[in-house]
Amino acid sequence: MAKIGKWITGGLGWAFFGPIGGILGFVVGSMFDNTEVITGRQEYQPGQPTTQGGYIMSLLVLVAAVMKADGKVLKSELDYTKDFFVRSFGIAAAGEAVKILRDLLNQNIPVAEVCLQIRKNMDHPSRLQLVHFLFGIADADGHVHETEHKLIKHIAQQMGISQKDYESLESMFVANTDAAYKILEVETTATDDEMKKAYRKMAVKYHPDKVHYLGGDVQKAAHEKFQKVNEAWETIKKQRGIV
């Protein structure tokens, strides 16, 4: 329970309140013999930054919602989630996270309300990273199911993610002929100079340092998204012969 305990005792911050807190209350509380571990924190103050614990728990709540979207929870989805946590936080923490996720799958999750709470309290780069991970879960079996696709789009909209940002992230997982252009949020008719500017802009937007405050674990996961931007740029450069 060491890593999960660290996330929680480190403070869930705003995530302990509102709909997310309501969902997590029983699930997390039942994991500790001494419930004061999670109830004895200082009172939440508006404007409090997202902690790593709050981010991870918010992520698990949304992951549960997406996994339930198509009416069945696949082993490949659970394995993808566990693999992500193994890579990011270690084997022990991954096992603990999956236990929480299994409990969350039995909870009723008010998606719109959860997203509104996240939108009000979490910065834009961190919300982008949430959407990226949700697509990874949905694509764990090699296909983003239509119901999962619709739910992720709804989640992105409710969290205040723009259409262009959403399409950029979507194109990293859902194949289409203009995927590289959509990832860079630029039209296929853009000039080479406009393409270069678009690449620089997206490289800044998706840079892993944007989520550094959530810890090196989350920052490593953000590198996958950043790499997709570089791959899109390399694809376009090759197509256009840009030097």
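The rows are residues; the columns are (1) under 19 Å from LYS72 (Cβ atoms); (2) touching a Lys or Arg at 6+ places or on another chain (Cβ under 6 Å); (3) free of Cβ contacts under 8 Å to residues at least 40 places away in the same chain; (4) hydroxyl-bearing (Ser, Thr, Tyr).
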site	(1), (2), (3), (4)
MET122	no, no, no, no
PRO125	no, yes, no, no
LEU130	no, no, no, no
PHE133	no, no, no, no
ALA140	yes, no, no, no
ALA156	no, no, yes, no
SER162	no, no, yes, yes
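Screening LEU128, LEU101 for residues that are within 23 Å of MET57 (Cβ to Cβ) and in the same structural domain as LEU74 (by TED's automatic domain parsing) leaves exactly one candidate, LEU101. Step by step: first the residues of the stretch 157-215, then only those that are under 19 Å from GLY241 (Cβ atoms) and of a type in the set (A, V, I, L, M), then the one that is nearest to the chain's Cα centre (by Cα). Which residue is that? It comes out as LEU184. Restricted to the stretch 1-104, the set of helices (runs of 4 or more DSSP H) holding at least 2 residues that are within 20 Å of the chain's Cα centre (by Cα) and modelled with pLDDT of 80 or more comprises 18-29, 52-68, 75-89, 91-104.
Residues that are out of contact with any Lys or Arg (no Cβ under 8 Å at 6 or more places or on another chain), polar (S, T, N, Q) and buried (at least 17 other Cβ atoms within 10 Å of the Cβ) do occur in the stretch 101-119.
Taking the stretch 206-223 as the range and being buried (at least 16 other Cβ atoms within 10 Å of the Cβ), out of contact with any Pro (no Cβ under 6 Å at 6 or more places or on another chain) and not hydroxyl-bearing (Ser, Thr, Tyr) as the test, the residues that pass are HIS207, PRO208, LEU214, GLY215, ASP217, VAL218, ALA221.
The values are calculated or read from the model by the stated rules, or taken from the named source; none is laboratory data. Remember, it's a predicted structure, so these values are computed and weren't measured experimentally. Cβ: placed from backbone, ideal geometry, glycine included. Neighbour counts: every protein chain shown.
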